[in-house]
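Structure, as structure tokens:
The numbers here are math on the coordinates, done by the rules we state, and not lab data. What you see is a predicted model, and the numbers here were worked out from it, not measured in a lab. Ideal geometry is used to build each Cβ from the backbone, glycine not excepted, and the neighbour counts take in all protein chains shown.
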């Protein structure tokens, strides 16, 4: 093993107070602990937009839209050409894709990205995967069709689900995307210190809420019966979405290729030159097959 200082630390930091609360609750009542964690599971953290993304943000045309009473902000750049849709991950924002988006605009594409419900400047506090999917479907209907859908992390899960529901993607790019819903819950429970009993109760609460097995939304399950040209991008040192997800997803997605990076972690991957080149080449290929 190499020096631990060279390995990316987990990018999601859980406040110490939350871990103490979980530990205290599950010591007395795993049910109360699972209720607390379920509420926390639906509450994204809102981060300030970094200065490096601000110029891009103000160069875009934007629309304010409302879906099921929750606000999203849709950004556009590029005047013409095939349209590419970007979907960010949990606690993320559309402008995280600014370097990829700018590269595609220079090549003549039009890009659309949005900030999901309960993210960004929205007054809403909670959201979930299904609202991400509904946002994609809304944007697809109003601003599509889209040649390619690009999704980071949970945004990749939502993009695959929207495609399964009929969204007009001729190709899909996933970046650091979990292959299963169980892996998302496992990582969340590990980060918050939840034990096995609390986790099991949390899963039961979620399945009762949605009246279905959670894995019906997993890219691994969906791509067993769907197919579309794909590009699976993942970093070996991704601590938020381990590399095993890329290999698992590829095993059921015959029309996808993989591009594996190292040392970029979960978010720096969005600004990597080699990643950007791979995405541009993939989009060009999809466009050529449609001409």
- Item | Using alpha-carbon coordinates, inclination of helix 154-164 to the longest axis of the chain, degrees | 70
- Relative contact order for the chain, counting Cα pairs under 8 Å that sit 6 or more residues apart, in percent: 19
- Task: Normalise the Debye intensity by I(0) for the range 20-93, one equal point scatterer per Cα, no solvent, then take log10 at q = 0.25 Å⁻¹ and round to two decimals.
- Result: -1.26
- Stokes-Einstein D for the range 104-215 (25 °C, 0.890 mPa s, Kirkwood Rh from Cα pairs), in µm²/s, comes to 157
- Task: Grab the eigenvalues of the alpha-carbon gyration tensor for the range 24-143, scale each by 5, take roots, and send me the semi-axes largest first in whole angstrom.
- Result: 33, 15, 11
- Message: Which of 189, 280 has the fewest other C-beta atoms within 10 Å, and how do the rest follow up to the most?
- Response: 280, 189
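If I take every Cα pair under 8 Å that is 6 or more residues apart in the range 40-192, average their sequence separation and divide by the length, what percent do I get for the relative contact order?
23
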- Task: First check a/c for the range 137-179, with a ≥ b ≥ c the square roots of the eigenvalues of its C-alpha gyration tensor; if it is under 1.5, answer rounded, and if not, answer prolate when a/b is larger than b/c or oblate otherwise.
- Result: prolate
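For the range 226-291, rounded, prolate or oblate, judged on the Cα gyration tensor with a ≥ b ≥ c (square roots of eigenvalues), a/c < 1.5 rounded, else prolate if a/b > b/c?
Values: a/c = 3.26, a/b = 1.34, b/c = 2.43.
Verdict is oblate for the range 226-291.
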- Note on the structure: Taking max minus min of the Cα coordinates of the chain on each principal axis, largest first, gives extents in Å of 62, 48, 41
- Per principal axis, largest first, the Cα atoms of the range 147-212 extend in Å by 44, 25, 12
- Gain in length, residue 125 to residue 66, computed as 0.36 nm per residue apart minus the alpha-carbon separation, to one decimal in nm? 19.8 nm
- Message: For the range 134-291, report the % of Cα-Cα distances exceeding 26 Å.
- Response: 28
- Task: Specify the angular offset, from 0 to 90 degrees and rounded to the nearest 10, of the alpha carbon long axis of helix 181-192 from the longest principal axis of the alpha carbons in the chain.
- Result: 50
- Let me have the relative contact order for the range 127-230, percent, based on Cα pairs under 8 Å that are six or more residues apart. 27
- Message: What do you get for the angle between helix 273-290 and the principal long axis of the chain? Use alpha-carbon atoms, 0 to 90 degrees, nearest ten.
- Response: 60
- Message: Suppose we keep just the DSSP beta bridges with both residues in the chain; what percent of those would be antiparallel, to 5?
- Response: 35
- In the range 1-143 the DSSP beta bridges are antiparallel at a rate, in percent to nearest 5, of 70
- Kindly put 239, 93, 64 in sequence by how many other C-beta atoms sit within 10 Å of each C-beta, fewest to most. 64, 239, 93
- Task: First obtain the Kirkwood hydrodynamic radius of the range 67-119 from its Cα pairs, then insert it into the Stokes-Einstein equation at 37 °C and 0.692 mPa s, and state the resulting D in µm² per second as a whole number.
- Result: 286
